[in-house]
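The values are calculated or read from the model by the stated rules, or taken from the named source; none is laboratory data. All of these numbers come straight from a predicted model, not from anything done at the bench. Reconstructed Cβ throughout: ideal geometry from the backbone, glycine too, with neighbour counts over all protein chains shown.
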């Protein structure tokens with residue numbers, strides 16, 4: 001079968017789609033994660049907490065699929081990335097999985113008994129279920145930017161030489177906190193559109209204000225840190241962007257400052273960091289002017305901008321190796337075969353619009369703010 | 001490879017997969033039972049069917065959430081614990097998993113929220129459509145997972161590429177329409193339908209025994225009896241179809257299930273009892289029904305069912321042929337265009353996986369002695385006694401369910417479920433479908449050993465380069481987390497069942513469905 005798009009184009013598309021999936025995940029599931037991480041602080045009474053939970057309840061299952069789909073799509077389109085990152089971040093991944101398992105269970109089971117001790121326990125489970133993934137994702141991204149301690153042998157088997165605690169370098173801790181702030185900002189912003197006016201909404205505003213400021217400062221700090229440190233890698237010699245997916249064919253070397261190369265060559269890419277900086281400020285304007293839509297637009301801009309900045313800064317690198325740069329995974333050496341990328345693109349083009357359409361429909365059916373009154377009277381509510 | 005890492009990785013995968021599959025069958029079956037019940041509500045407009053649908057929907061919800069939550073682990077475990085496997089076959093295996101997310105899981109997960117929260121916001125038909133989408137989504141999800149699993153059992157449509165050191169897809173249609181996958185899919189979802197039918201029968205029977213909610217229970221039982229009878233027939237027929245498919249690509253599995261050490265003259269008999277003894281390669285105290293196995297496995301009176309020992313000899317041959325391919329791949333690593341190596345690789349690439357079996361005994365398979373080659377060939381025999389017995393338990397239960405539902409169907413029309421002994425049986429057998437289903441999975445996966453992907457990649461090579469302590473940490477972590485959740489889940493199920501189909505608040509349709517205590521929520525029949 002003749003494939004209408006060449007290998008390089010498909011790899012580029014799939015690199016971008018990986019970004020779209022990450023952003024889709026953060027925009028949808030990030031809302032639930034952020035709200036869950038706020039649970040013990042944003043609702044003071046059981047009814048307030050139930051209102052918050054029911055603002056997410058009809059959607060979390062759909063949102064979580066972005067995570068599953070992200071995993072599946074990386075497996076299908078970037079099997080190397082899937083294999084190296086998840087086995088490398090082994091214990092960190094376990095923490096994320098355990099937290100993500102705890103979260104839906106908490107939503108569902110919390111309401112089954114009225115006992116306050118039972119409910120408080122699930123509130124903390126929700127808190128962990130929201131905070132841990134947000135933090136670990138950010139820490140993981142920080143580590144990727146610095147380069148991971150892995151190497152590949154001649155059979156392309158991956159060996160990882162880091163530890164769980166080794167992940168928490170000062171830079172990675174900062175990116176972890178940035179991730180938490182960004183997700184909390186988005187969660188608080190989204191929540192403000194889904195619950196009634198009142199004390200909970202006021203708390204969401206206050207928390208949103210703090211999260212916006214922290215996001216802005218940490219993102220700016222991260223930029224300076226990357227620019228002034230030893231971070232960065234470059235491909236040496238001729239780049240064979242159509243070649244077989246074998247990292248051993250494309251040598252790479254550490255190159256301090258290389259993470260800024262792309263912005264010099266393609267100034268339009270600066271849009272991403274600008275969006276990342278402007279987003280929190282727009283959200284602040286929204287919170288101040290009590291416009292929830294501007295608030296949500298701001299937090300979404302921040303999310304898109306920050307994630308896109310990471311991807312564009314590293315391009316074409318996806319997972320650079322700090323201990324053996326030769327093993328680094330890039331957009332040109334870590335993808336699936338030409339045919340698989342093409343088939344998966346067709347499948348995505350058919351099904352993603354359908355998914356977006358019915359997700360929007362589901363949102364519309366459940367449109368409207370959840371109120372304390374509904375919590376008291378609706379038997380379907382958690 | 002550190003074999004302890006491999007064994008622990010297998011243990012963890014088995015634990016998490018089997019735990020996940022405690023919840024999946026009920027989701028698969030109950031979702032369609034909900035569709036049937038709600039359809040009756042929409043067609044007849046009788047309020048009681050709404051109560052029935054909502055009651056089973058509540059139990060569905062408690063179960064569904066754990067199925068979803070534990071499914072996340074499965075999706076990532078190929079990367080965390082089987083990273084070389086993920087690299088080696090991700091080009092093919094990743095696609096069905098991704099498509100599952102995109103096409104099936106999104107559908108079920110998005111609509112399940114509306115199913116629970118949309119009763120007041122959707123029209124009757126609209127809500128039924130939503131319930132149908134949940135059922136469709138969860139069953140499509142099973143389809144893609146079984147396409148992935150079917151490929152591991154029969155790796156069609158792919159070939160090894162020495163330039164990337166992995167399997168790559170050559171023909172996506174063969175992956176999709178893999179006969180093993182198709183038979184497995186119908187067999188597995190039907191088993192889920194049986195499971196849900198037994199569950200609904202059992203819980204309803206308990207109500208009838210207690211004299212509670214009888215009008216809900218009786219109606220539920222009628223639906224479950226009909227659905228269960230059709231499904232239990234389908235499970236056994238499609239199980240037989242899987243047996244037939246086996247003869248083309250997994251003769252060893254069939255021979256192991258039958259404890260057939262030597263090829264018999266066609267048509268072979270089917271052993272219904274025996275004690276397989278691997279040490280002397282003999283199945284003692286065998287009771288055989290003549291002709292039946294030959295008929296099932298080959299659909300003919302002349303087709304031969306090959307025995308284990310003959311298959312080992314064949315494996316020995318394939319290992320030797322695979323060594324030539326292995327040698328060629330090693331040469332191609334350093335000289336990408338070496339035409340001689342390329343040619344000998346092309347000739348022997350079918351058997352490359354067999355050469356890799358030797359890595360268990362020798363770092364470079366090309367240095368293997370005849371003795372080691374024979375050991376590797378013998379490794380292709382799965383655990384015969386376990387296979388032999390698991391199959392008999394699973395198949396026996398399959399036939400038992402047909403009998404049970406036939407009886408239930410008869411009871412529904414003749415005695416209105418008045419017979420106490422029948423109701424007691426229905427309650428007692430609730431756990432049996434789970435036993436049959438978990439047994440079936442163990443059979444399928446143990447039967448594929450020593451392969452992760454039949455003939456392509458030995459299981460022990462697929463594991464990640466982890467340490468024993470890392471895996472112990474996660475095994476203990478998952479066991480604690482899953483154990484706690486299992487206790488909570490079962491308690492919630494039981495308390496929901498004890499509470500019965502009570503609706504606490506008057507909802508949009510008025511107050512006539514309010515109920516309390518042991519009184520049925522609706523006027524008598």
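Points to keep in mind about this one:
- The stretch A:339-350 - residue that is farther than 22 Å from residue A:314 by Cβ and more than 9 Å from every other protein chain (Cβ to nearest Cβ) and, of those, surrounded by the most Cβ atoms within 10 Å (Cβ to Cβ): A:342
- Residue within the stretch B:77-92 that is modelled with pLDDT of 90 or more, more than 7 Å from chain A (Cβ to nearest Cβ) and more than 27 Å from residue A:91 (Cβ to Cβ) present: yes
- The set of residues from the stretch B:466-485 being within 11 Å of chain A (Cβ to nearest Cβ), surrounded by fewer than 20 Cβ atoms within 10 Å (Cβ to Cβ) and in contact (Cβ under 8 Å) with a residue 40 or more places away in the chain comprises B:467, B:475, B:485.
- Of residues in the stretch A:232-259 being part of a helix (DSSP H, G or I) and in contact with a helix residue (DSSP H, G or I) (Cβ under 6 Å, 6 or more places away or on another chain), the one modelled with the highest pLDDT: A:259
- Matching option when the condition is more than 26 Å from residue B:152 (Cβ to Cβ) and more than 14 Å from chain A (Cβ to nearest Cβ), among B:386, B:428: B:428
- Residue that is farthest from residue A:86 (Cα to Cα), among those in the stretch B:112-126 that are buried (at least 24 other Cβ atoms within 10 Å of the Cβ) and at the interface with another protein chain (Cβ under 7 Å from one of its Cβ atoms): B:114
- The one condition in (1) at pLDDT below 90; (2) closer than 25 Å to residue B:55 by Cβ; (3) touching a helix residue (DSSP H, G or I) at 6+ places or on another chain (Cβ under 7 Å) that residue B:120 fails to fulfil: (3)
- Only listed residue being under 29 Å from residue A:105 (Cα atoms) and in a loop (DSSP other than H, G, I, E, B), chosen from A:202, A:197: A:197
- Taken together, B:409, B:404 contain a single residue that is in contact with a helix residue (DSSP H, G or I) (Cβ under 6 Å, 6 or more places away or on another chain), away from chain A (no Cβ under 14 Å) and more than 30 Å from residue B:86 (Cα to Cα), which is B:409.
Table: residues versus (1) touching a residue at least 12 places away in the same chain (Cβ under 8 Å); (2) touching a strand residue (DSSP E or B) at 6+ places or on another chain (Cβ under 8 Å).
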residue: B:76; (1), (2): no, no
residue: B:92; (1), (2): yes, yes
residue: B:96; (1), (2): yes, no
residue: B:106; (1), (2): yes, no
residue: B:126; (1), (2): no, no
residue: B:140; (1), (2): yes, no
residue: B:149; (1), (2): yes, no
residue: B:152; (1), (2): yes, yes
residue: B:156; (1), (2): yes, no
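- In the stretch B:397-430, residue surrounded by the fewest Cβ atoms within 10 Å (Cβ to Cβ) [restricted to those that are touching a residue at least 24 places away in the same chain (Cβ under 8 Å) and outside any helix (DSSP H, G or I)]: B:416
- Subset of the stretch A:370-381 [more than 9 Å from chain B (Cβ to nearest Cβ) and closer than 14 Å to residue B:117 by Cβ]: A:370, A:374, A:375
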